[in-house]
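J.: One structure coming up, written as structure tokens, with questions to follow.
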Amino acid sequence: MEYTEDLPPKLKQRLTQSQSVRAITGAGISAESGISTYRGKGGIYDDPEEGDRTVESLSGPTLAADPDRTWRTLAALARQTRDAKPNAGHLALAEIEKSVADFVLLTQNVDGLHRQAGSKEMIEIHGHIFDTLCPRCRKAGHIDDLATLEKAPSCPECDGTLRPDVVLFGEMLDHGNVQRLHRGFYEDVGDLLLIIGTTALFPYISEPVAIARQRGKLTIEINPEPTVVSNIVDYSLRGAGGHWLPKIAAAIKR
Ligand code: NAD
Ligand code: ZN
């Protein structure tokens, strides 16, 4: 069922019983913080050429062939992110985490806004743009001045070319994260699943929704536009994360 304004009373009632919550987020939850999404209205795929260029430069093969190009694209993303603050949606998810017994957040975002909002139990499945990894000596690091970077940074230890600790297009997910994803979203799926601001095109994003639904759990999508999971979920809340998530947090806390 689709809703656009308020939570229906029956849903509010069910939310008061939620104790074990799973949340999945994508770029859309950060749209109200001023960070562009990839797809959907206002996303960079609205301009297909820019979309293609971005995807190409944020890919494993480009990082290997022309790391400066990949890093310049990440720097552009960092400039958008630098002044961004968590919005009501990020904050409501952190609040939900505090008020229930068990909570896991799976995010595809690399902007760090969930961390800033105070979320703790988090799987950042695509990594974090400000984290780095040296492919040569394996040292992990953090880069503060990413926004002003003009070329690929070097490792302070061994002078190798650093890579961003993000999963680029065409790359494999981190094994440890995949294990956590399985535990939290395939094995113990909780009693409520929220999916917010994602086109859900990756199977590891849409499958947990199908699994939760099959097991009779409460499933809710928040997105201004229909997606591939809209037909699977119990409730489609049409609109922004910042509109709906505070209402959901308030209902859970009652
Ligand atoms: P996407 O760009 O494919 O889709 C964004 C979705 O958000 C769309 O379905 C859109 O309708 C919805 N949306 C737009 N405004 C919204 C709002 N205010 N509230 C709720 N939903 C809203 O995003 P995706 O599915 O996350 O896939 C994009 C990929 O690109 C991910 O892998 C992610 O790592 C990466 N990415 C990350 C960021 C970021 O970290 N903020 C930004 C762009 C892309
Ligand atoms: Zn090194």
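J.: Kindly provide the set of residues from the stretch 87-96 that are open to solvent by 30 Å² or more (accessible area, probe 1.4 Å) and either under 22 Å from Asn177 (Cα atoms) or out of contact with any Pro (no Cβ under 6 Å at 6 or more places or on another chain) (or both), ordered by number. Walk me through it before giving the result.
T.: If we filter the stretch 87-96 for residues that are open to solvent by 30 Å² or more (accessible area, probe 1.4 Å), which is where we start, we get 88, 91, 95.
Residues satisfying the conditions are Leu91, Glu95.
J.: So, one more: Within the stretch 125-178, which residues are basic (Lys, Arg) and either surrounded by 12 or more Cβ atoms within 10 Å (Cβ to Cβ) or touching a residue at least 40 places away in the same chain (Cβ under 8 Å) (or both)?
T.: Our first condition is that a residue be basic (Lys, Arg); within the stretch 125-178, this holds for 136, 138-139, 151, 163.
Arg136, Lys139, Lys151, Arg163, listed by residue number.
J.: State whether the residues of the stretch 179-187 include one that is open to solvent by 40 Å² or more (accessible area, probe 1.4 Å), outside any helix (DSSP H, G or I) and acidic (Asp, Glu).
T.: no
J.: Still on this model: Under the condition of being assigned to a helix (DSSP H, G or I) and within 16 Å of ligand 1 (Cβ to nearest atom), which residue from the stretch 97-121 is most open to solvent (accessible area, probe 1.4 Å)?
T.: Residues of the stretch 97-121 assigned to a helix (DSSP H, G or I): 97-99, 113-117.
Pick out the ones that are also within 16 Å of ligand 1 (Cβ to nearest atom) and you get 113-117.
Details: Leu113: 0, His114: 5, Arg115: 96, Gln116: 112, Ala117: 18 Å².
It comes out as Gln116.
J.: Please go through the stretch 122-172 and give me each residue that is more than 23 Å from the chain's Cα centre (by Cα), assigned to a loop (DSSP other than H, G, I, E, B) and more than 9 Å from ligand 2 (Cβ to nearest atom), ordered by number. Explain how you work it out, then say what you get.
T.: Start the filter on the stretch 122-172 by keeping residues that are more than 23 Å from the chain's Cα centre (by Cα), which leaves 134-139, 148-162.
After this cut, where a residue has to be assigned to a loop (DSSP other than H, G, I, E, B) as well, the list is 134-139, 149-153, 155-160, 162.
Scanning the stretch 122-172 gives Leu149, Glu150, Lys151, Ala152, Pro153.
J.: Quick test of your reading of the structure: Pro67 fulfils all but one of (1) crowded, with 20+ Cβ neighbours inside 10 Å; (2) modelled with pLDDT of 95 or more. Name the failing condition by number.
T.: (1)
J.: Kindly establish whether Arg69 is of a type in the set (D, E, K, R) and over 24 Å from Pro224 (Cβ atoms).
T.: On the way: of a type in the set (D, E, K, R): yes; over 24 Å from Pro224 (Cβ atoms): yes.
Taking the combined requirement at face value, the residue satisfies it.
J.: Listed residues His90, His114; which is in contact with a strand residue (DSSP E or B) (Cβ under 6 Å, 6 or more places away or on another chain) and in contact (Cβ under 8 Å) with a residue 24 or more places away in the chain?
T.: Details: His90 fails: in contact with a strand residue (DSSP E or B) (Cβ under 6 Å, 6 or more places away or on another chain).
Step by step, each of His90, His114 is checked, and only His114 is in contact with a strand residue (DSSP E or B) (Cβ under 6 Å, 6 or more places away or on another chain) and in contact (Cβ under 8 Å) with a residue 24 or more places away in the chain.
J.: Among the residues of the stretch 147-158, which ones are within 16 Å of ligand 1 (Cβ to nearest atom) and modelled with pLDDT of 95 or more? Please lay out each step first, then the result.
T.: Of the residues in the stretch 147-158, the ones within 16 Å of ligand 1 (Cβ to nearest atom) are 147.
Selection gives nothing.
The values are calculated or read from the model by the stated rules, or taken from the named source; none is laboratory data. Just so it is clear, the structure is predicted and the values come from calculations on it, not from any experiment. Neighbour counts run over all protein chains shown; Cβ positions are idealised from the backbone, glycine included. To get the accessible areas, we keep the full protein, side chains included, count just its heavy atoms, and leave off ligands, DNA and RNA. Shrake-Rupley method; radii C 1.70, N 1.55, O 1.52, S 1.80 Å.
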